[in-house]
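Peer 1: Have a look at the structure that comes next, please.
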Amino acid sequence: MSSHAPRAGRLVRAAALVAPALVLLSGCSLKSEDISGMGFPKGVSSVNDISISLWQGAWITAAVVGVFTFILIMWPVFFHRAKAGKGEFPKQTQYNVPVEILYTVIPLAIVAIMFYFTVVKENKIIDKTSPVQHEITVEGIQWSWQFGYPEAGSKAVVTGTPANPPTLYLPRGESVRFTLTSNDVVHGFWIPAFMIQIQNLPGDVNHLQFTANKLGEFPGRCNILCGRNHSQMIFKVKVVTPEKYQQYLDSLKASIA
């Protein structure tokens with residue numbers, strides 16, 4: 001047997017031990033504030049605060065797996081090329097049970113770990129039991145949005161059109177629970193800057209809650225193909241101070257009085 005065989009076995013065993021550890025490290029130990037947002041801003045909403053570490057961990061895990069896979073591909077390429085240059089024909093192996101078990105167990109471990117953290121984060125975002133300060137309804141319609149503010153009355157509804165997209169007002173620093181529905185087809189309520197996407201389903205109700213932490217205006221849109229004018233199904237999120245939000249609610253009340 002070639003003297004390189006034990007070395008290869010040790011390499012595989014070491015990699016098998018290191019890979020899950022790196023996944024755990026990327027998902028648990030690294031602090032999100034010490035890592036780049038990787039395309040998403042930090043601190044814009046409570047959802048960002050909850051999910052940014054998951055987003056970062058997924059990218060770090062993907063990088064670790066990518067580098068590890070690249071090494072596994074390139075190492076035998078150059079190793080066997082060197083042997084071929086010496087006129088040696090590589091040993092032909094039909095299967096290797098330990099290696100095949102590792103190639104099965106490691107991906108399953110990675111998926112299981114990422115699934116666990118995803119469920120934990122998701123449960124925080126779609127929590128329906130914790131008390132909130134405000135309620136807003138979001139209904140998807142072909143092809144725009146309808147925002148309702150129950151605090152201002154049952155008729156306090158803002159309906160947009162493709163030509164006149166609506167504005168969703170939110171109070172900074174105060175929690176809001178959203179009730180999401182659709183009256184026709186499946187839509188996707190998406191605020192990219194807030195790292196939020198949840199479906200509006202016909203005949204079903206979804207819930208979402210978060211706190212907007214930064215004043216300003218942010219684009220929103222439908223991210224599920226819902227018909228001919230899907231690309232025009234946009235809206236604007238305007239985060240204002242709690243005082244201005246209350247003024248907005250008062251203006252809605254006055255408009256329907």
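Peer 1: For residue 124, all conditions in the list (1) within 22 Å of the chain's Cα centre (by Cα); (2) at pLDDT 85 or above hold save one; what is the number of the exception?
Peer 2: Unmet condition: (2).
Peer 1: Also, I was wondering about something else. Residue 151 fails exactly one of the following numbered conditions: (1) more than 24 Å from the chain's Cα centre (by Cα); (2) not in a helix (DSSP H, G or I). What is the number of that condition?
Peer 2: (2)
Peer 1: Restricting to the stretch 80-103, name every residue that is surrounded by 12 or more Cβ atoms within 10 Å (Cβ to Cβ) and at pLDDT 75 or above.
Peer 2: If the condition is that a residue be surrounded by 12 or more Cβ atoms within 10 Å (Cβ to Cβ) and at pLDDT 75 or above, then 96, 99, 102, 103 are the ones that fit.
Peer 1: Can you give me the number of residues within the stretch 41-76 that are at pLDDT 80 or above and either assigned by TED's automatic domain parsing to the domain that holds residue 215 or farther than 28 Å from residue 190 by Cβ (or both)?
Peer 2: Number of matching residues: 10.
Residue-by-condition table, conditions (1) of a type outside the set (Asp, Glu); (2) touching a Ser or Thr at 6+ places or on another chain (Cβ under 6 Å); (3) outside the structural domain of residue 239 (by TED's automatic domain parsing):
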site: 118; (1), (2), (3): yes, no, yes
site: 141; (1), (2), (3): yes, no, no
site: 154; (1), (2), (3): yes, no, no
site: 157; (1), (2), (3): yes, no, no
site: 179; (1), (2), (3): yes, yes, no
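Every residue, every condition in (1) assigned to a loop (DSSP other than H, G, I, E, B); (2) crowded, with 17+ Cβ neighbours inside 10 Å, yes or no:
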{"position": "164", "(1), (2)": "yes, no"}
{"position": "176", "(1), (2)": "no, yes"}
{"position": "208", "(1), (2)": "no, yes"}
{"position": "226", "(1), (2)": "yes, yes"}
{"position": "239", "(1), (2)": "no, yes"}
{"position": "253", "(1), (2)": "no, no"}
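Peer 1: Tell me yes or no: at least one residue of the stretch 194-203 is in a loop (DSSP other than H, G, I, E, B), under 22 Å from residue 134 (Cα atoms), in contact (Cβ under 8 Å) with a residue 24 or more places away in the chain and not acidic (Asp, Glu).
Peer 2: Within the stretch 194-203 (the criterion being in a loop (DSSP other than H, G, I, E, B), under 22 Å from residue 134 (Cα atoms), in contact (Cβ under 8 Å) with a residue 24 or more places away in the chain and not acidic (Asp, Glu)), the answer is yes, since at least one residue qualifies.
Peer 1: What is the number of the single condition among (1) within 24 Å of the chain's Cα centre (by Cα); (2) surrounded by fewer than 13 Cβ atoms within 10 Å (Cβ to Cβ); (3) among the acidic types (Asp, Glu) that residue 135 does not meet?
Peer 2: (2)
Peer 1: Right, another one. Could you please give the count of residues in the stretch 228-237 that are assigned to a helix (DSSP H, G or I) and closer than 20 Å to residue 201 by Cβ?
Peer 2: 1
Peer 1: May I pose another question? Mind listing just one residue for me: the one in the stretch 113-148 that is in contact (Cβ under 8 Å) with a residue 24 or more places away in the chain and among the polar types (S, T, N, Q) and, of those, farthest from residue 229 (Cα to Cα)?
Peer 2: Only one residue fits best here, namely 130.
The values are calculated or read from the model by the stated rules, or taken from the named source; none is laboratory data. Only a predicted model underlies this, so the values are computations on that prediction, with no experimental measurement involved. Every residue, glycine among them, receives a Cβ derived from its backbone with ideal geometry; neighbour counts consider all protein chains shown.
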